[in-house]
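Notes for the one structure printed next.
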Amino acid sequence: MRDRNRPLTKITLAFAAATALVLTGCSTANTPAPTSTQPTPDVPYTTVWSAADGINLNARPAELIRATVESGEMSGWTGVDYSFPGFADAIANATDYNGYWGNTTQPPSPDNLVSLDWRLFARHITTLSATDSHVTARVCTLHLPLVDQDVVLKSTGYTSSFGSVTQPYTVDVTLTKPASTTPGTSGQPDRAPDIHNPRALDVPDWNVFSPWTISSITLLEGVNDYYGTEPECMAWWRQKYPGWDGTSLTFGPPAPITTDTGFFEALMITRPGPPNYPEWLGPKGADA
């Protein structure tokens, strides 16, 4: 599905072309982020997280994983310096990085945003391990169409299967910090998945990472030269779409989809759609 050697720009422009054809009409713990003269970019897509049983999305380890993946995705179009506060420093010495997002010094590339402004990112943490100095997790991602109610669909090669519509991928994420340091500043928990908090931010205005650094973000390649098809990710697919089954190439509902736009129609979400979850809610405390 994806050539791992294709640069981010080519991949996103391919998605953008598909979009145009498919949619027509209508101390250490509280290190401050460096000041910037560039305003925080608006994020025109939605991110909704879930996790395997026993993983608390609002706890500090999962917060670090969420921040790493969201800021990495964002850096593909804003550049690393204008993604989440502290991301550029946190990623600077990573030994592996998801080339789908560019690289650890990715400059602003606004054209890469074109393919993201109609999508909802569904992300799922399948495993997470945390100690005082080490956090690692596996994250599965699906890109879901988020469209206007009066959208008119046209057939393209990007709508003919589950994989072509959702563009799944999986990353393994690792962060580390010195054991002697504090865990850093956490945001407030989001306890209302279906309700937007008016105080929430698309991009946190504090350094979520410090004193942690990102050791690696490794993009995994699944079977059949597809991405995102690890067994735990496909188990999440089945959980998310009850009754659907099949291999990475044939995954779909019990009744076969026979139209060119059938998968897109089955997977699309009409606006406004759900809010981001968990939302970024500023930390409490006088030093936050």
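Condition check ((1) surrounded by 14 or more Cβ atoms within 10 Å (Cβ to Cβ); (2) modelled with pLDDT under 90) across all residues:
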site: Gly187; (1), (2): yes, no
site: Arg199; (1), (2): no, no
site: Ala255; (1), (2): no, no
site: Asp260; (1), (2): yes, yes
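Here Pro108 meets each of (1) in contact with a Ser or Thr (Cβ under 8 Å, 6 or more places away or on another chain); (2) within 15 Å of Thr68 (Cα to Cα); (3) open to solvent by 20 Å² or more (accessible area, probe 1.4 Å) with one exception, condition (2).
Residues that are open to solvent by less than 30 Å² (accessible area, probe 1.4 Å) and not in a loop (DSSP other than H, G, I, E, B) were ranked within the stretch 237-253; the one that is farthest from Arg66 (Cα to Cα) is Gly252. Checking the structure you have, find out if any residue of the stretch 166-180 is under 21 Å from the mean Cα position of the chain (by Cα), over 20 Å from Asp96 (Cβ atoms) and at pLDDT 90 or above. Taking every residue of the stretch 166-180 in turn, at least one turns out to be under 21 Å from the mean Cα position of the chain (by Cα), over 20 Å from Asp96 (Cβ atoms) and at pLDDT 90 or above.
Filtering the stretch 111-132 to residues that are open to solvent by 40 Å² or more (accessible area, probe 1.4 Å) and either in contact with a strand residue (DSSP E or B) (Cβ under 9 Å, 6 or more places away or on another chain) or of a type outside the set (Val, Ile, Thr) (or both) leaves Asp111, Asp117, Thr127, Leu128, Ser129, Ala130, Asp132.
Taking the conditions (1) crowded, with 18+ Cβ neighbours inside 10 Å; (2) in contact with a Pro (Cβ under 8 Å, 6 or more places away or on another chain) in turn, Pro274 satisfies each one other than (1). Of all positions in the stretch 211-231, at least one carries a residue that is in a helix (DSSP H, G or I), at pLDDT 90 or above, open to solvent by 40 Å² or more (accessible area, probe 1.4 Å) and not small (Gly, Ala, Ser).
Could you please let me know if Ser155 is open to solvent by less than 20 Å² (accessible area, probe 1.4 Å) and either more than 25 Å from Ser133 (Cβ to Cβ) or of a type outside the set (A, V, I, L, M, F, W, C) (or both)? It is false that Ser155 is open to solvent by less than 20 Å² (accessible area, probe 1.4 Å) and either more than 25 Å from Ser133 (Cβ to Cβ) or of a type outside the set (A, V, I, L, M, F, W, C) (or both). Looking only at the stretch 74-105, residues that are under 18 Å from Lys177 (Cβ atoms), buried (at least 22 other Cβ atoms within 10 Å of the Cβ) and not β-branched (Val, Ile, Thr) come to 5 in all.
The values are calculated or read from the model by the stated rules, or taken from the named source; none is laboratory data. What you see is a predicted model; the values in this text were computed from it and never measured. Every residue, glycine among them, receives a Cβ derived from its backbone with ideal geometry; neighbour counts consider all protein chains shown. These area figures cover heavy atoms from the full protein model, side chains too; ligands, DNA and RNA do not enter into them. Shrake-Rupley method; radii C 1.70, N 1.55, O 1.52, S 1.80 Å.
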